[in-house]
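See structure below.
Rule-based calculations on the coordinates, nothing more; no lab input. These numbers were taken from a predicted model, which means no experiment stands behind them. Using ideal geometry, Cβ is built from the backbone for each residue, glycine included, and neighbour counts are taken over all protein chains shown.
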Amino acid sequence: MRSFTCVCLMAVLFTALAMAVPSLSVSYIDGSASLGSGSSWKALGLGDPVPTDTTIRLDAGSSVDLKGMGADFHLSQKGSYAIRDLLAARQRLGVPAVGSALAAKLKSLLSPQIANQSAVAGVRGADQSTDSDSEWVETSVQDSLQQAKGFIQSGNFADALDKLNQSLDEATTTELQELHFYLAYAYSLQGDISNTAREIVEVRSGTGSSWSDDFILLKAKLDIDSFAFAQAIQWLNRPGNDLSSDARRGSLYFFLLGLAHRGAGNGEKEKEAFQRIVSMDKGSELGKAAAQMLREP
């Protein structure tokens with residue numbers, strides 16, 4: 001009897017310990033993903049628990065969202081992800097100044113574009129009576145884009161998303177690319193990584209457009225937000241994507257490069273990037289955040 005009681009108590013204890021292991025849970029899954037522990041793997045499904053001592057493996061074209069322990073994770077690149085490594089990376093990148101500095105810089109990139117498009121919209125409005133139907137549709141979409149950018153800059157993301165989504169049906173092929181880009185822009189600043197990723201896939205490079213350089217930066221930010229640090233580094237170093245000499249975007253380019261190297265554990269490369277920002281933009285919010293990152297272990 002004593003032996004039986006002891007076995008029961010041990011079973012209860014092991015069950016309690018297993019339940020006490022901190023874990024995340026799958027809040028969204030698209031495609032194929034597996035949960036591994038040791039040498040065994042099992043298919044991952046919606047709502048499944050993901051303990052911190054396990055690894056997630058994603059197939060090409062798949063994505064998974066995880067929630068729990070005060071953190072959200074979006075994974076969309078093929079490969080294996082140890083949950084402990086994700087949590088450690090989140091901690092390394094979780095300096096409070098980082099998010100606000102990134103948001104402020106991304107919003108600032110909209111200012112001259114809004115001013116330029118206001119002037120264009122004014123000219124188009126004055127000539128509205130002579131415009132053809134196709135030109136009027138284009139003007140309507142461009143006006144919506146202008147208003148949406150203003151909403152994004154002021155932090156009114158809900159109205160920006162509504163305005164952009166309302167214009168999708170009447171946009172030309174070229175305008176669709178721009179609408180999806182600014183939808184991704186708004187979602188990114190809102191902190192909605194999953195929807196940012198879904199909008200980005202609708203966007204091509206934007207080569208030749210007024211927003212092509214901003215697309216380079218936004219895609220790099222998405223890779224970092226998705227813990228695809230190697231992809232972010234490769235993307236930023238790709239020929240044609242080097243914005244280090246851009247007067248408006250150079251500091252943000254180096255900041256994203258520094259974050260990617262920090263997430264990947266490349267200490268020297270990280271310091272090199274953040275030091276470039278401090279030397280070129282010391283007094284800005286981004287420069288102050290870079291200086292703080294240099295002080296962080």
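Points to keep in mind about this one:
- Computed FRET value (nearest 0.05) for residue 85 with residue 34, which takes r as the C-beta separation and R₀ as 22 Å: 0.85
- Summing charges over neighbours of residue 35, with a neighbour being any other residue whose Cβ is under 10 Å away from its Cβ, gives +1 when K and R count +1 and D and E count -1.
- Our note on the geometry: Cα centres of segment 157-190 and segment 242-297, 29 Å apart.
- Neighbourhood net charge (15 Å Cβ-Cβ; Lys/Arg +1, Asp/Glu -1) for residue 236: -1
- Compactness index (Cα Rg / 2.2 N^0.38 Å), segment 21-93: 0.99
- Overall shape: oblate for segment 231-292, with the ratio a/c of the largest to smallest alpha carbon gyration tensor axis at 1.5 or above and b/c at least equal to a/b.
- Contact order normalised by residue count of segment 158-297, Cα under 8 Å, 6+ apart, percent: 14 percent
- Separation in nanometres of the label points that stand 7 Å from Cα toward Cβ, at residue 275 and residue 212: 3.4 nm
- Reach of residue 107 by Cα under 16 Å, taken over lysines that are not fewer than 8 positions away in the same chain: 149, 219, 221
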